[in-house]
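Written below as structure tokens is the structure these notes are about.
The values are calculated or read from the model by the stated rules, or taken from the named source; none is laboratory data. Here the structure is a predicted model, which is why all the values come from computation and not from measurement. Here the Cβ positions follow ideal geometry from the backbone for every residue, glycine too, while neighbour counts run over all protein chains shown.
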Amino acid sequence: MIDPIDETAAQEHSNKEHFDYQFLRILVGWIALVIALVCYVSYCIWVGKLSLPSSISATFHFGAVIPFVGLLFIVSAFLACYGERGSIDSMLSSLGAICACIVAVFPTSIDMKWVKQTEEVLAKLPAFCNIKENVVDGKCLYNHYPLIKGEWIPVIHISAAIFLIAILCIFCRIFWVRAKRKLEVAKPENKIKVVRRILIYQICCGLMPVSAAIGWLVKDDIHSALFWVEFVCLVAFGVSWLVAGKAFKTTSNSKHDEDDLSEKIGKVAPVDFKIPFN
């Protein structure tokens with residue numbers, strides 16, 4: 001079995017003359033952090049006051065369709081470029097790119113219960129939702145795709161979002177295990193920053209599924225629960241990729257030391273290494 005940790009190390013060490021993967025991680029990380037903020041600000045401008053939407057995805061319908069779709073397409077494009085062709089990283093990022101596109105072009109439904117409790121949104125409710133046939137089980141279903149039933153569109157959206165979160169968790173795990181490898185061969189003076197990276201990867205890897213599970217359980221009681229789930233997942237995604245891109249001095253050693261560590265773990269890692277999830 002090909003070792004994904006070996007692949008990443010070799011990729012960083014040998015392909016920098018063609019593509020700077022660390023810089024790509026930094027770009028993806030910052031964009032992930034910006035998505036929530038830009039969509040929230042666009043939504044607030046649209047409704048004319050500070051207010052929490054039911055979810056970041058719902059802002060697609062309320063003033064943030066351009067930044068929501070545009071930024072997800074940018075993330076998708078960068079993910080599609082990530083990883084050496086044929087590597088585990090490349091396959092995962094390609095799947096992530098597809099999921100990001102699906103999340104962008106297949107919108108979520110509009111929670112009419114939340115709309116009716118939010119005066120500023122109710123006043124600007126899209127005319128589409130005033131047609132009875134477009135509201136099913138309290139959800140307004142946008143349908144821009146004649147070949148797909150309206151009720152399937154949010155299901156496609158949610159399914160792609162879940163797959164995307166799972167892929168991002170796997171990336172966190174790869175970054176985490178790879179950092180543990182570096183810790184084993186790092187010089188004593190370089191170990192503290194590697195330990196910090198491991199801790200951040202562990203937190204980010206845990207936050208995404210835990211927040212999703214909690215949000216799903218309380219979504220009927222707290223109308224903004226999914227907003228906070230998406231916010232936490234985007235922040236965890238962004239921070240983990242920024243740290244992996246060596247964007248912060250507090251979590252990265254000098255370029256020479258990091259390159260040396262990448263080369264070392266590429267040499268000593270066993271070929272049959274599997275990423276442990278237990």
Q) Tell me, which residue of segment 149-182 that is more than 14 Å from the chain's Cα centre (by Cα) and β-branched (Val, Ile, Thr) is surrounded by the fewest Cβ atoms within 10 Å (Cβ to Cβ)? A) VAL155
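Residue-by-condition table, conditions (1) within 18 Å of TRP30 (Cα to Cα); (2) among the hydrophobic types (A, V, I, L, M, F, W, C):
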| residue | (1), (2) |
| --- | --- |
| CYS169 | yes, yes |
| ARG173 | no, no |
| VAL177 | no, yes |
| ARG181 | no, no |
| GLY206 | no, no |
| ILE214 | no, yes |
| LEU226 | no, yes |
| GLY245 | yes, no |
| ASN253 | no, no |
Q: Determine, yes or no, whether ASN190 is outside any helix (DSSP H, G or I), among the polar types (S, T, N, Q) and touching a helix residue (DSSP H, G or I) at 6+ places or on another chain (Cβ under 9 Å).
A: no
Q: Would you point out the residue of segment 58-95, among those that are within 23 Å of LEU242 (Cβ to Cβ) and among the hydroxyl-bearing types (Ser, Thr, Tyr), that is farthest from the chain's Cα centre (by Cα)?
A: SER87
Q: Output the number of residues of segment 112-134 satisfying the condition of being loosely packed, with under 14 Cβ neighbours inside 10 Å and touching a Pro at 6+ places or on another chain (Cβ under 9 Å).
A: 0
**Q.** Single residue of segment 35-58 satisfying the filter (without any contact (Cβ under 8 Å) to a residue 40 or more places away in the chain and in contact with a Leu (Cβ under 7 Å, 6 or more places away or on another chain)) that is farthest from GLU120 (Cα to Cα)
**A.** VAL38
Q. So LYS49 clears everything in (1) over 26 Å from GLY215 (Cβ atoms); (2) assigned to a loop (DSSP other than H, G, I, E, B) except one condition, right? Which one?
A. (1)
Q: For residues that are among the acidic types (Asp, Glu) and closer than 20 Å to TRP46 by Cα, scanning just segment 92-144, find the one that is modelled with the highest pLDDT.
A: ASP111
Q) In segment 94-111, how many residues are of a type in the set (S, T, N, Q) and surrounded by fewer than 23 Cβ atoms within 10 Å (Cβ to Cβ)? A) 1
**Q.** Residues of segment 116-158 classified as in contact (Cβ under 8 Å) with a residue 40 or more places away in the chain and assigned to a helix (DSSP H, G or I), total
**A.** 7
Q. Say we look at segment 8-45 and pick out the residues that are aromatic (Phe, Trp, Tyr) and modelled with pLDDT under 90; which of these is nearest to PRO67 (Cα to Cα)?
A. PHE23
Q: Determine whether segment 214-232 contains at least one residue that is buried (at least 20 other Cβ atoms within 10 Å of the Cβ), over 15 Å from the mean Cα position of the chain (by Cα) and either of a type in the set (S, T, N, Q) or at negative phi (or both).
A: yes
